[in-house]
1. Estimate the FRET efficiency between A383 and Q410 by the formula 1/(1 + (r/R0)^6), using the beta-carbon distance for r and 25 Å for R0, to the nearest 0.05.
2. Residue separation times 0.36 nm, minus the C-alpha to C-alpha distance between K398 and K195: what's the value?
3. Return the aspartates and glutamates within reach of K127: Cα separation strictly under 17 angstrom, same-chain partners fewer than 8 residues apart disregarded; answer none if there are no such residues.
4. Report, to the nearest 10°, how far helix 171-192 tilts away from the longest principal axis of the Cα atoms in the chain, using its own Cα long axis and a range of 0 to 90°.
5. Pairing the Cα long axis of helix 246-265 with the longest principal axis of the chain, what angle in degrees results, from 0 to 90 and rounded to the nearest 10?
6. Counting pairs of alpha carbon atoms under 8 Å apart in space and at least six apart in sequence, what relative contact order in percent does the stretch 2-210 give?
7. How far is helix 349-361 tilted, in degrees, relative to the longest principal axis of the Cα atoms in the chain, given as a value from 0 to 90 rounded to the nearest 10?
8. Okay, helix-only estimate at 222 nm for the chain: each DSSP H run of n ≥ 4 adds -39500 (n - 2.57), divide by all residues, round to 500 deg cm²/dmol; what do you get?
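Nothing in this text is a laboratory measurement; each read-out follows from the coordinates by a stated rule. Worth saying up front: this structure is predicted, and the values here are computed from it rather than measured. All Cβ positions, even for glycine, are placed from backbone atoms using ideal geometry, and neighbour counts span all protein chains on display.
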Amino acid sequence: MSDYREMWKELGLDLEAHDQLLAVIPQIYGDVYLSQKNRPEGMSYLDFVMSEIHGLRVKELNDLKASGGKVVGTFCLYVPEEIVLASGAACVGICGGADWPSDEAERVLPRNLCPLIKSFMSFKLAKVCPYFESSDMIVGETTCDGKKKTYEVLGEYTNVYVMHTPQTKDDSSRRLWLEEVEKFKNEIEELTGNKIDSLALAKGIAMVNAKRAALKRLNDTRKANPVPISGKDALLIQQVAFYDDPVRFTEMINKISDELEKRIANGVGVFEKDAPRILVSGCPMAIPNWKLHHIVESSGAAIVAEEACIGHRYFRDMVSDTGTEVDDKLGAIADRYMKLDCACFTPNKERINNILRLVEDYKADGVIHYSLQFCDPFTVEYASVDKALKNAGVPVLKIETDYSMEDAGQLSTRVEAFLETIKETEGVVL
């Protein structure tokens, strides 16, 4: 990693603070991931990506910028990456999943705010995220009040563009959202200096659809019993989807799926056959937020699916590419993103139905509803999720936490008790 120090310096990173961050992540990654037994061989690619998470990928982005290209940083699924890629720019996720010293963010934000929001503000203010510093524009979205107001503050430190996301799914909201998509296209054209025509949009749509199809194919293998890949590894793959080059990532994930499908044919799994199968539902988990998955799978259960932004919500739906004109394709993009069932919507029966469908499709024995502290949309919506799952006879455990490890012991105890309840109910042997 020392080969990248000059690049980090040119980006304006605080090298001393950045060194401290890079010293922590490998230890966490080793404890959580490299300690696993019988991992798929294809996961070596993800190990490489993580070893270069602030190195090679950042260099690729800066090489693009040196050749006249642009980099667009994002936080949310609502930003249409198809449009970014159609312009020739790169689209990357921004750091926001670590318990970086929150006093940086608390200089400008209240303490009782979502950990994800405080995390990305701390990364920016402390200058330790090369993706922040490489981005020519940061795209925010109004999926919650905390983010909406924080983007005003963030705009004092970097170039921020905000998309106004809908809160309902009626016809008027769809029209307003289509206007936002059209304005975003115009903004990206202005940023890059490149006209986005129908052919470019078709290419961007195909690229993102292929990535989502690869993720769906991989996640379909998790329906098998025994499960051929751990939930931790599947989570990591879904996290890296927001950082890696999309074409390369798609190719590598399809290769891993080839291996997993062979494992299924040979009856090979990473857990004992009939290990308790858990669906995680709720808030997104950005790198390196691996706490819950590690606790659950260290307790003997297998996480088989994620109903989350880093999970099925991202790859479930594709963009239709049937129209030939720019307006047709923008309309198709708007329609696809209106299918997202984020907790910001009201009412949000689609999410409830999707959770129940995932429980059935992945034969989940129970659901863990995961919320970050002070995330009002997901914590409030839990009541509806809990009611629907209990009516369906599905055990559910509510977990509300942050990025620190201070509650790890308590969470382990609660998870173990939850799995014991599943064992008693269904006769699963732990």
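1. After rounding, the FRET efficiency stands at 0.65.
2. Gain on stretching K398 to K195: 68.3 nm.
3. Of all the aspartates and glutamates, those that pass the test against K127 - Cα under 17 Å, at least 8 places apart if same chain - are E6, E10, D14, E16, D19, D99, D103, E104, E106, D136, E156.
4. 60 degrees
5. Tilt of helix 246-265: around 20 degrees.
6. Relative contact order for the stretch 2-210 comes out at 24 percent.
7. Relative to the chain, helix 349-361 is tipped by roughly 50 degrees.
8. Taken over the chain, the calculation gives -16000 deg cm²/dmol.
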